[in-house]
1. What is the sum of charges around residue 444, taking Lys and Arg as +1, Asp and Glu as -1, for the other residues whose C-beta is under 14 Å from the C-beta of residue 444?
2. Starting from the Cα gyration tensor of segment 625-666, multiply each eigenvalue by 5, take the square root, and state the resulting semi-axes largest first in whole Å.
3. Largest first, please: the extent of the C-alpha atoms of segment 380-500 along each principal axis, to the nearest Å.
4. Quick one: putting +1 on the C-beta of Lys and Arg, -1 on the C-beta of Asp and Glu, what dipole do you get for the chain around its Cα centre, in Debye to the nearest 20?
5. Enter the accessible area of residue 571 (Å², nearest 10), with the probe set to 1.4 Å and all protein chains included.
6. So how long is each side of segment 529-583 along the principal axes, counting just the alpha-carbon atoms, biggest first, in Å?
7. With a Cα-only, solvent-free Debye model of segment 571-710, what are the log10 I(q)/I(0) values at q = 0.18, 0.22 Å⁻¹?
8. Any lysines with Cα under 20 Å of the residue 184 Cα? List them, leaving off those in the same chain fewer than 8 positions away.
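The values are calculated or read from the model by the stated rules, or taken from the named source; none is laboratory data. Keep in mind the model is a prediction, meaning the values are calculated, not measured. Glycine gets a Cβ as well: all are built from the backbone with ideal geometry, and neighbour counts include every protein chain shown. Ligands, DNA and RNA are stripped out before the accessible areas are found, and what is left, the full protein with its side chains, is counted by its heavy atoms. Shrake-Rupley method; radii C 1.70, N 1.55, O 1.52, S 1.80 Å.
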Amino acid sequence: MAVALAPTLAPVPVPCVRLFTDKILVSSGRSAPNAEEELTLPVLCLSFDYGGTLIGASEDRERFFVSHGSGVRSVQRDFEREARARSELERFGAVELGCLEGHEESFGSPANYLVAVDGDVQAYCAFTASALPALRAKGFVVDVAPDYPYQVLEAEPPWYLDVAPLSDRPDWFNCELGVELEGKRINLLEALLGLLDSMPDDASLNRLSRRSLPFWALPVGAQGYVRVPRELLWDLFEVLRELYSGRRFPDGLTLCRYQGLSLAALAGVIEKQAGPLRRYGVDLVPKSGAEIKRAPEAPRDVASVGVRATLRSYQEVGVAWLQRLRECSLGGVLADDMGLGKTLQAIAHLCIEHARPSVQKPTLIVVPTSLIQNWKRELSRFAPHLTVAVWHGKERRAEGAGLSRADVIITSYSLLVREHARWSQLSFHYLVLDEAQAIKNPRAAAREAACGLDAQYRLCLSGTPVENHLGDLWSLFDFLMPGLLGSALEFQTGYRVPIEQERNEAQMQALRRIVTPFILRRTKDEVAPDLPPKSLLVRAIQLRGDQRQLYESIRLAAHADVRRVVRAKGMSGSTIAILDALMKLRQVCCDPRLVRVTSARRVTQSAKLEFFFRLLTGELAARRRILVFSQFTSMLGLIAQGLEERGIGYLMLTGATADRQRKVDAFQAGLVDVFLISLKAGGTGLNLTSADTVIHYDPWWNPAAQAQATDRAHRIGQTRPVFVHQLIVAGSVEERMLELQRQKQQLATDLVGGAAAPRVLLSEGDLSDLFAPLDS
């Protein structure tokens, strides 16, 4: 007897999803269209439960049979409900395998959906964490294979920060940052640094930030992955870039004690974004970062410790800042503008220090030779109670016994190097470097000697902490707080190249955050509004006749020579040839007699020298007192010759001058009204406030050095407006080089408030501009 078939509507289908990994055959690409490779990918099996009967989503039958009592009945599939379930699944990125060109199921695979096309670990984890809960909420039955590798913890475990001192390196610490799962710590730093290392530039990070993923997944071993919210990840990257830039940590992240500020920032990021942080050993790292960042309080009355001076308000703040550095066992750079009293602030700070009963060791102050007498005089003036020993000159051998009894010892950089064996046997309370840019060269003997001394505290005084390039800054901080900016190579790759060559603003800001707490920089405009105004006047001079022809002939020959050298050696190998060519052109601008070529001997015109004497005559008639600066001592000699011919009295100061102070005193006393000064001799340590006019005969490629020279007159103590005349030949290499410097000045301004400009890194385009013809 035949069995009756009773057609009936199907029960409501329940969508069922099984998530697992399977081997999928994928086309290798257009280059080998028939080649395939087998990949293990996360896949889905979508089916529908019709009252106990499972129907695969990829099956094409419209009806199926089910047992019903003693018979069998036919069931009609509900394709409309199935389609809605498919749409829900596909909304989360799943794609049906049958619709994908180049993807095929392997034999016998139950998979019919791929989790994500061109997916990666983050996309897979996002599907697990976001799509699966949403699908369950919509009535899907979700089953995840136990060995599915992209499982994500539902709860966000607590974070921890563990800091442990290194047994073989005092003041260095190993750092762990991660999460705690079931009482076990899982360090996530390796994964975070690896991710950061995979993004070589800002563009990579920006691409990452544009992804719509709400979190980033990091592996936590057998447990799968843990979610890191995107906002937390970006903030972590910002801090880790400061700790990590250019460095390699084969054994994890290591920190020096001076990186307490970044460590505190790391902890703060976690607590802000992820809640309470479990800390282990963090208190072992000095809390110097947070302390130094606090605004310094006004110091006690410095007169009580023997200072015979009334400090201005900003100087009191400077002394308080120096005291804060010492309290936190940190070094720093007092980088105030020239003329704001860095010496006085340092002396007041040392008076406070040596008034403490616990201080038994002397302070060593290392200065350029030309400033030894200035420091001796200032200490005698402002702190006569301090015992001062000057280690300089032929008499120093007889004073050897007095070093141990002195409160303050003054010596020069040259003697520090020459007699390093003597200094290395002593121990100091403070080591102060004045004009600290003297150690800017990492390979300089002065830097090595200073770094090798035993001193409890260290301080740099410099109005130009970035005199030539960012490497200058590294040298200062490697002396003050070794490890803060990494090794020279790490700093080169992590900061100098990205900032100076790639104009990487993120790395500029990261470096600024690191060093700003340890640099105090104030300008005259900020803290000395009562200082008379300074007027800058650029005087453009036209070359004519034979001098113009001489410039053009030397320019053409020099440019051809430079191009030939650049072709052979490249830009980096052509520095000497470029500088030599530029020097010749600068000399032509100053006076043809400076140029050692036969054709120059026939040129008797000197447009700039003629203009100079017209300007000088007018300024003297207006009863002004004048400083004249030039980088070329031979040019100063020609100016001196012209002054003598005109019967104008003058003084001259160069590197060969024996008694600097006698000439300074003579000018300050008004014996003459013109003072000729060379770049090296007059850039530091001079107080010439009786002058009210400055003439820069030739522009200097380093504008910071030129500003220093100007500040010999425009400084505290000046009572009259100061006029600064800069003489340049219009359209020449002088004017073009100044424009290049103006373009690159912003780097130092952004970093330390305009303390200096970095060295110009010339491109071939810059060279073409520098060697362009004079304007017609």
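1. -1
2. Calculated on Cα positions only, the semi-axes equal 17, 14, 9 Å.
3. 51, 31, 25
4. 3760 debye
5. Per-residue accessible area (residue 571): approximately 50 Å².
6. Its Cα atoms span 56, 34, 11 Å along the three principal axes.
7. Evaluating at q = 0.18, 0.22 Å⁻¹ gives log10 I(q)/I(0) of -1.08, -1.47.
8. none
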